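See structure below.
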Amino acid sequence: MIQMKSIAAAAALALFAPLTACSQGETTNEATAAEVDGTLASAIGDAPGLTTVSDSLSEAGLGEVFDGPGSYTLLAPVDDAFAPAGEALTGEENRAALVAVLRGHILPGHLTPEAIRKAIADKNGPVTMTTLDDGEVTFAAEGDAITVSGADGSKATIDGEALIASNGVVLPLDGLVKKAPPTPST
């Protein structure tokens, strides 16, 4: 069983190997961000309101990725937003769909809300980025809020304080930006 977990962890890491993790912004302690001790994995695991996404990352075998040296930004739907989808995607038979949803919520690099706001201001409009599933999300400013839209039309708002860890950033969202693919009926 330990060997299977090691193989699953290695496979999860292989999914991310072609991507280079580069710093996309500055780490600052701003009004909308809090620095936390440790890695993304520990920040997600300790964060109130992110239990479902934390459990889902573990279920999908992706949790260990956030303990590594790569820098990522996790668009983390809060429990109220992710619980129905996360719970529906549990179990071995739904693992591929769960991984697809989660990869659609992960960006390479270290993106703080301030860096996103600056990019939007510099471009004088929305900014599009590629997720780890080769999908796209678009960040836009709506008043003081930052919204994130997925390619399928889903839209969420950064909801709460960003967590800045040693190897990335967690941006809590009030919704999903990538929906689960339909699962076959049993």
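The values are calculated or read from the model by the stated rules, or taken from the named source; none is laboratory data. In this text the structure is predicted, and so the values were computed from the model without any measurement. Ideal geometry is used to build each Cβ from the backbone, glycine not excepted, and the neighbour counts take in all protein chains shown.
Please work out which one of (1) touching a strand residue (DSSP E or B) at 6+ places or on another chain (Cβ under 6 Å); (2) farther than 22 Å from Gly45 by Cβ is the condition Ile164 fails and give its number.
Result: Ile164 fails condition (2) only.
For the stretch 71-106, enumerate the residues that are buried (at least 22 other Cβ atoms within 10 Å of the Cβ) and over 13 Å from the mean Cα position of the chain (by Cα).
Gly86, Leu89
Considering (1) at pLDDT 85 or above; (2) of a type outside the set (Asp, Glu); (3) within 15 Å of Thr112 (Cα to Cα), say which one Ala47 fails and leave the rest.
(3)
List pairs: first residue in the stretch 150-169 and in a strand (DSSP E or B), second residue of a type in the set (Asp, Glu) and surrounded by fewer than 16 Cβ atoms within 10 Å (Cβ to Cβ) anywhere in the structure, Cβ distance under 6 angstrom, at least six positions apart or on different chains.
Going by the 6 Å Cβ cut-off, the qualifying pairs are Ile164/Glu35.
Report, by residue number, each residue of the stretch 44-58 that is assigned to a helix (DSSP H, G or I) and surrounded by fewer than 20 Cβ atoms within 10 Å (Cβ to Cβ).
Those that are assigned to a helix (DSSP H, G or I) and surrounded by fewer than 20 Cβ atoms within 10 Å (Cβ to Cβ): Gly45, Asp46, Thr51, Asp55, Ser58.
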